[in-house]
Structure formats: C-alpha cells, structure tokens
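See below for the structure under consideration.
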Amino acid sequence: MNLTVTAEGIETLDQVRVLLKMHCTHFQGFLFGQPLPKEELAAYLLREFNSDISESESLPPIIRAS
C-alpha cells in the first residue's frame, strides 16, 4: 500500500525500540514533547531553531536532531 504511518502515544524508549524493529519510522507522543497551544507554537519554533545544536547531544540517540 506504500503508506506512511505515525505511531502515536509514545511515552518510552522501549516503545520506540519495539516500533523500530517493526520498521516504523514516524513517532509522536509525550516522549518527544508535551502538547502545545497553537498560540505558543511560533515562539516554541523560534526557540528550537535558535537553540545551540549541542543541547541535543544530551538526548538519547534515537531522538537527537539529525
């Protein structure tokens, strides 16, 4: 079917590991971030894009920025 599927509700790295074994490559959930009101989105994106790339080095390899 050639579909891209996003696994939702991911809260642990163990869940990511299982999904990776199943060849799932798209995830979302509390492991990656809390829900954000739309009014705060622009400020969040500006902070993230302007943050020092070295901050991501402390994250587990599976969720580091590439």
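Remarks
- Close contacts from region 24-41, counting a first residue that is free of Cβ contacts under 8 Å to residues at least 60 places away in the same chain and under 12 Å from residue 10 (Cβ atoms) and a second that is among the acidic types (Asp, Glu) and outside any strand (DSSP E or B), with Cβ to Cβ under 9 Å and a gap of 6+ residues or different chains, come to 27/8; 28/8; 29/8; 29/11; 30/11; 31/11.
Residues are listed down the side, and each one gets a yes or a no for (1) hydroxyl-bearing (Ser, Thr, Tyr); (2) at pLDDT 85 or above; (3) over 14 Å from the mean Cα position of the chain (by Cα):
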position	(1), (2), (3)
3	no, no, yes
21	no, yes, yes
25	yes, yes, no
29	no, yes, no
32	no, yes, no
36	no, yes, no
51	yes, no, yes
61	no, no, no
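- Residues (touching a Gly at 6+ places or on another chain (Cβ under 6 Å) and loosely packed, with under 13 Cβ neighbours inside 10 Å) located in region 10-41: 11
The values are calculated or read from the model by the stated rules, or taken from the named source; none is laboratory data. Source: prediction; values computed, not measured. Every residue, glycine as well, gets a Cβ built from its backbone with ideal geometry; the counts of neighbours run over all protein chains shown.
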